[in-house]
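> Once you've had a glance at the structure underneath, I'll fire off some questions.
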Amino acid sequence: MPYLLLAKELRLVHLVPSDGDQKAGEWLFVSKDKDGFDTEPVYLGKVFTDAVNKLDIGSAETLKGYVQRVLNGQEYKSEDKRASLQKAVVAAVEDIKAERGGNLQDETYRLFLDGGKRAVKLLKRET
């Protein structure tokens, strides 16, 4: 879950544009194969929180690897950049809470809340 939230805020997971594509408005993750070509897209649903159920283990591991590479890259060595990303993750979790009717006990919200907390620990380089 933390990597899914981070991927969203890093724009590694994004919405399919509304350009006549039958999957328009769905969340999408596309990775690269070992030769640098796009892999088959993984459609994650029209609601971001549905993505949890759409990622298989292989796609989840690939997503995690992409996020780790970005966070370990030059751009995110800066604490300011990581702090900005942290704010975006917190805002994303707050958006999910609002989508779930503000119910602090909602299972989906709690899942993303936990994921958000773990994402922040990753950004702070805590174990």
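> When you go through (1) part of a helix (DSSP H, G or I); (2) modelled with pLDDT of 90 or more one by one for N53, which number turns out not to apply?
Just one mismatch for N53, condition (2).
> Among the residues of region 88-122, how many are assigned to a helix (DSSP H, G or I), over 14 Å from the mean Cα position of the chain (by Cα) and of a type in the set (D, E, K, R)?
6
> Also, I was wondering about something else. Among the residues of region 69-81, is there at least one that is outside any loop (DSSP other than H, G, I, E, B), of a type in the set (S, T, Y) and out of contact with any Ser or Thr (no Cβ under 9 Å at 6 or more places or on another chain)?
yes
> Tell me yes or no: at least one residue of region 54-68 is surrounded by fewer than 17 Cβ atoms within 10 Å (Cβ to Cβ) and touching a Leu at 6+ places or on another chain (Cβ under 6 Å).
yes
> Could you give me the residue pairs with C-beta distances under 7 Å whose first residue belongs to region 101-120 and is under 13 Å from V52 (Cβ atoms) and surrounded by fewer than 17 Cβ atoms within 10 Å (Cβ to Cβ), whose second residue is of a type in the set (V, I, T) and at pLDDT below 95 wherever it lies, and which are 6+ apart or on separate chains?
T108/T49; L111/V52
> Checking the structure you have, find out if any residue of region 56-66 is out of contact with any helix residue (DSSP H, G or I) (no Cβ under 8 Å at 6 or more places or on another chain), assigned to a helix (DSSP H, G or I), under 21 Å from E126 (Cβ atoms) and without any contact (Cβ under 8 Å) to a residue 40 or more places away in the chain.
Among the residues of region 56-66, at least one is out of contact with any helix residue (DSSP H, G or I) (no Cβ under 8 Å at 6 or more places or on another chain), assigned to a helix (DSSP H, G or I), under 21 Å from E126 (Cβ atoms) and without any contact (Cβ under 8 Å) to a residue 40 or more places away in the chain, which makes the answer yes.
> For region 8-47, name all the residues that are at pLDDT 85 or above, surrounded by 12 or more Cβ atoms within 10 Å (Cβ to Cβ) and assigned to a loop (DSSP other than H, G, I, E, B).
L10, L12, E26, K46, V47
The values are calculated or read from the model by the stated rules, or taken from the named source; none is laboratory data. It should be emphasised that the depicted structure is a prediction, and the values quoted were computed from it without experimental measurement. As a convention, Cβ positions derive from the backbone with ideal geometry for all residues, glycine included, and neighbour counts pool all protein chains shown.
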